[in-house]
1. Rank these by accessible area, largest first, 1.4 Å probe: 148, 70.
2. To the nearest 10 square angstrom, what accessible area does residue 39 show with a 1.4 Å probe?
3. Divide, for segment 131-274, the radius of gyration over alpha carbons by 2.2 N^0.38 Å, where N is the residue count.
4. Could you derive backbone 3J(HN,Hα) for segment 275-281 from the dihedral phi with the Karplus parameters 6.51, -1.76 and 1.60 (θ = phi - 60°), listing whole Hz in sequence and x where the residue is Gly or Pro?
5. Given the DSSP H assignment, sum -39500 (n - 2.57) over each helix run of at least 4 residues in the chain and divide by its residue total; what's the result at 222 nm in deg cm²/dmol, nearest 500?
6. Looking only at segment 37-306, where both bridge partners belong to it, what percent of the DSSP beta bridges are antiparallel (to the nearest 5)?
7. Kindly provide the GluC sites (Glu not before Pro) of segment 44-116 that DSSP labels as loop, not H, G, I, E or B, and whose Cβ sees at most 15 other Cβ atoms within 10 Å.
8. Tell me the accessible surface of residue 43 in square angstrom (1.4 angstrom probe, heavy atoms of protein chains only), to the nearest ten.
Amino acid sequence: MLSTLSRRILRTTTLQLSFKRCRSGTSTGRLMQEDPLEHFYYDKVIVSGVPSSFVKNSLRVHEPDEPISLVKARYQHANYAWKVKQLVQDIVYTPEDENYPDSVFVEDPAVVFDGTALLTKIGHPSRIGEPQNIRGVLESLDLHIVELSKLSPTATMDGGDVLFTGKEFLIGLSRRTNKEAIEAFAQVFRDYPVTAITIQSEVLHLKSMSSMAGVGVIAIGDTPAGRQAWDEIERKAHYKYDRLSFPDENAANCLFINGTIFHVPQEEYPNSYHVWENYNRYPKVELPNSEFSKADGSLTCTSIRIN
Ligand code: CIR
């Protein structure tokens, strides 16, 4: 039986199908369906367990007012996986790794796109082994593996800096991701334009303050760093996007999966909630993320979505 979420996806998908002329040879003039959501369909999502070392030893820019609760973090993580599972075929779990307190942020060690998994070299030494740790899972999914460190010995990159818009890659040039990495990335994923976007040093990643909130819509913080990044996107990106502005940077990070938006709840970002409340292009689901945001993690950080 279809869940309510699945029914909503089908409805959204049906509404958004558009048509284009097929250009190839004899079929010229035949109408072919093009789905604008194509690049936001995922059939597998990888999540990694929450190690107990996450509580005390995970990296964070500022010590949070209240300590991280392991019980709450694990509950929020299980809830995340369960809610996403309502929309995708497979959730692939990797066990927690106590040696890597930040390893729950599985978005950072690998970027997966079009059957290729690029193992990054995370730009902080405490996370250095995470890309190799996730390799086995990626191989088991029959992905073609490429190692960033083999392409450029000085390159560093966190997956949290990579924003695929559906038409091109925008990549944060940040404390964690450098120019060499962005150049190497462009050699691996050649089918789409790749553009570097400067990230002010107080912000961890491009996606710490932005995300795709639907086809052609970039959610982004209305803060000095967010405005600077948006100006650069407008100047340098190859395509134009609508902007959905949030008073809080982190509230702009949502998951857009199979036609549904997953966003943070009102109690976590009371000043930004109205933006999500008034945004009604897609079905929406709230996902609490308070314990992960204490260690600078946004919603996209705790999964790898595979298209
Ligand atoms: C770190 O500093 O690496 C972690 N505490 C947070 C990583 C968040 N990941 C992400 O935005 N993709």
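The values are calculated or read from the model by the stated rules, or taken from the named source; none is laboratory data. Bear in mind the structure is a predicted one, so any value in this text is a computation, not a measurement. All Cβ positions, even for glycine, are placed from backbone atoms using ideal geometry, and neighbour counts span all protein chains on display. SASA here: full protein model, heavy atoms, side chains in, ligands and nucleic acids out. Shrake-Rupley method; radii C 1.70, N 1.55, O 1.52, S 1.80 Å.
1. The ranking, largest first, comes out as 70, 148.
2. The value for residue 39 is about 40 Å².
3. Rg over 2.2 N^0.38 Å, computed on Cα atoms: 1.08.
4. Values, residue by residue: 5, 5, 4, 8, 9, 10, 6 Hz.
5. Working: 9 runs with 81 residues, N = 307.
Computed ellipticity for the chain at 222 nm equals -7500 deg cm²/dmol.
6. 40
7. Working: sites: 96, 98, 107; in loops: 96, 98, 107.
Taking segment 44-116 and a limit of 15 other Cβ atoms within 10 Å, the loop GluC sites (Glu not before Pro) found are 98.
8. Counting only protein heavy atoms, the figure is 60 Å².
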